[in-house]
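See below for the structure under consideration.
Values in this text are rule-based calculations from the coordinates and carry no lab data. Predicted, not measured: the structure shown is a model, and the values here were computed from it. Neighbour counts are summed over all protein chains in view; Cβ atoms, including those assigned to glycine, are modelled from backbone coordinates with ideal geometry.
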Amino acid sequence: MKNKKTKKTAPSIDKWLQEAKSDPEALKEGMYLVHNGIVRQTSRAKARQGVEDDDVKGMDFDYDAAKVEQAIAETKKMEGVFHARVWLNQGQLELGEDIMYVLIGGDIRPHVIDALQFLVGKIKNECVKEIEKK
């Protein structure tokens with residue numbers, strides 16, 4: 001993981017969707033789901049476990065690109081999934097800034113929902129380093 005201080009420019013989801021729909025595999029797809037994770041004021045401990053905690057002021061965020069690519073490849077092997085794309089920010093992020101975008105395209109709703117949950121979970125649990133600043 002690199003320790004960059006500069007943030008990245010978020011992608012255009014409209015452009016991502018245009019590109020996905022122009023792919024030959026798109027004819028097999030019946031839906032797309034987009035996940036947009038952002039830096040929130042409520043700490044992870046408070047949001048997930050209800051633990052009283054100080055508000056978040058920002059976040060240091062980094063990721064392992066090879067692990068992300070591996071997670072995308074695994075997702076594309078899931079039943080009914082034909083498209084998976086990820087963008088991750090990097091550096092010192094402020095409240096409200098984008099952390100990640102994930103786009104999944106597939107044949108039917110259950111396959112696409114499962115793939116989105118799988119990929120976002122894999123990224124959050126195995127590929128990134130998030131340090132909340134309080």
Original post:
If you take the residues of segment 60-84 that are touching a residue at least 60 places away in the same chain (Cβ under 8 Å) and out of contact with any Cys (no Cβ under 9 Å at 6 or more places or on another chain), which of them is nearest to PRO110 (Cα to Cα)?
Top reply: HIS83
**OP:** Tell me, please, whether a residue that is among the acidic types (Asp, Glu) and within 22 Å of VAL112 (Cβ to Cβ) can be found in segment 56-77.
**Re:** yes
Subject >> Failed item in (1) closer than 27 Å to THR42 by Cα; (2) of a type in the set (Phe, Trp, Tyr); (3) touching a helix residue (DSSP H, G or I) at 6+ places or on another chain (Cβ under 8 Å), with PHE82 passing the rest >> reply: (1)
